[in-house]
Amino acid sequence: MTSPAARPRAIVVLGVSGSGKSTFGRLLAERLTYDFCDADDLHSPANIEKMRAGHPLTDGDRVPWLNAVGQRMRSTLALGRGVVVACSALKKSYRDVIREYEPATFFVFLDGTQELIMSRVVARQGSFMPPSLLSSQFATLEPLDADEVGVRIDVAREFADTVEEVVTALSPHSDSGNGS
């Protein structure tokens with residue numbers, strides 16, 4: 001059986017702010033020996049200032065950012081390395097932009113209750129994303145559709161345990177499902 005890490009892939013860990021995208025993404029990248037990219041680092045200064053001021057981004061604000069995410073994935077894969085990207089990718093249309101760069105992108109949807117995630121957002125330090133924007137993210141969130149390749153992970157569970165579920169889902173012999 002071929003290891004999931006033997007064939008470099010692009011994996012996007014998605015979810016609302018505070019769902020644990022960066023933490024989970026780093027754990028998964030380490031487990032697979034893939035590169036890790038936090039898509040927040042690819043936002044323009046204008047986007048960061050807009051969010052810091054408490055204003056949600058528009059789709060127009062997001063398109064250049066999503067293109068930067070896709071370009072980062074493509075360039076990493078071109079070097080023969082796999083990549084895990086922590087990226088909100090809340091709408092299917094956002095994920096469609098990413099798939100324009102890598103059609104075989106595998107999505108890991110970090111899902112949890114608004115109450116649990118709000119408690120994490122309020123407790124964290126150093127983020128430009130204010131807690132006041134979390135409800136707009138939940139309103140925007142579109143879970144994975146049946147035609148999107150990926151898995152749903154409950155963020156109430158320990159990430160160390162769920163990383164292995166994702167590795168199994170990445171196996172060419174598993175039925176990776178569609179986020180169920």
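Below are the figures for this structure:
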{"item": "Most fluctuating residue given options D145, D161, D38, as computed from a GNM of the chain linking Cα atoms under 10 Å", "result": "D161"}
{"item": "Sorted by Cβ neighbour density within 10 Å, fewest at the top, the residues V63, V85", "result": "V63, V85"}
{"item": "Helix-only CD estimate at 222 nm, as mean residue ellipticity for the chain, using -39500 (n - 2.57) per DSSP H run (n ≥ 4)", "result": "-13500 deg cm²/dmol"}
{"item": "Cβ-based exposure ranking for M118, M73, in which fewest neighbours within 10 Å come first", "result": "M118, M73"}
{"item": "Charge context of L32, other residues only, Cβ under 12 angstrom, K/R +1, D/E -1", "result": "+2"}
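Throughout, read-outs are computed from the coordinates displayed, never taken from laboratory work. Just so it is clear, the structure is predicted and the values come from calculations on it, not from any experiment. Ideal geometry is used to build each Cβ from the backbone, glycine not excepted, and the neighbour counts take in all protein chains shown.
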